[in-house]
Amino acid sequence: MPPGSSRAVTPLDDDDYPAYTMGRAADMLGTTPAFLRALGEHRLITPLRSEGGHRRYSRYQLRIAARARELVDQGTPIEAACRIIVLEDQLEEAQRINEQTRTQGPEPQQKTSA
């Protein structure tokens, strides 16, 4: 569609929309449902549940799971892979905050009365 045209936004446009079943997610990642369950057990990703109780994964969660699979494929234990990903995320957030602080400059000091 050309820029500026209007189009309806659908749930599939949302990276957080739980669009993928466990089987489909595992197929897309080239892994097993057990691997995805293990990521959930280690609290790296928490899929939403359908009305029937089935796990549903978002594109965002699949990207996280793909990163975990990369680390595991390189020989990293799954527990360590999950921790590494959490720390990478925390580092990225800290760097974003630092950059934001640098571009905005220091906040003015407030005078306190004694």
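The values are calculated or read from the model by the stated rules, or taken from the named source; none is laboratory data. Since this is a predicted model, take the numbers as computed values, not measurements. Methodologically, a virtual Cβ is constructed for each residue, glycine included, from the backbone with ideal geometry; neighbour enumeration extends over all protein chains shown. Protein only, heavy atoms only, side chains kept; ligands, DNA and RNA dropped before computing areas. Shrake-Rupley method; radii C 1.70, N 1.55, O 1.52, S 1.80 Å.
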Loop-resident trypsin sites (Lys or Arg not before Pro) in the range 41-110 with no more than 12 other Cβ atoms inside 10 Å, DSSP not H/G/I/E/B, are Arg43
Mean accessible area per residue over the range 34-91 (1.4 angstrom probe, all protein chains present, square angstrom) is 63 Å²
